[in-house]
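The values are calculated or read from the model by the stated rules, or taken from the named source; none is laboratory data. All figures in this text were calculated on a predicted structure; none of them were measured in a lab. Using ideal geometry, Cβ is built from the backbone for each residue, glycine included, and neighbour counts are taken over all protein chains shown. Each accessible area value is taken on the protein alone, full model and side chains, heavy atoms only, with ligands, DNA and RNA left out. Shrake-Rupley method; radii C 1.70, N 1.55, O 1.52, S 1.80 Å.
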Amino acid sequence: MPFAKRNVEPQLLCRHAIPNDEGLLFEDLSTVNNVSLSRTLRQLSDLAKHACSLFQELENEIMFTHKRVWVLQSKIGKIQQTAGSLDPKQEAVREYLIVTFLYYPFL
């Protein structure tokens, strides 16, 4: 995952309209505090969901890579068995026909 797939940023934590114009200062601060706390918890929950999906994608990629490596290991094991059972003194060596191509600069 070389590029970022998700942008996670905090959004509007402490914005809250005052419920009434004649409210006490501490009631308003308490209300703002409760709202910002609940929004922070909600955003942390969203962040945890993003982290969970990222780890799930990572796990899927690791499992796919594991399957590919396992297939390659089994192929290598079969080749090693075949090569180990061969006797180099008894195997025929093919002779290849060597063809010489002539170079004609005047063509």
Cβ contacts < 7 Å: first residue closer than 20 Å to Lys5 by Cα, restricted to the range 58-71; second residue at pLDDT 95 or above and surrounded by 10 or more Cβ atoms within 10 Å (Cβ to Cβ), any location; separation 6+ or different chain. Result? none
For Ala51, indicate whether it is open to solvent by 90 Å² or more (accessible area, probe 1.4 Å) and modelled with pLDDT under 90. no
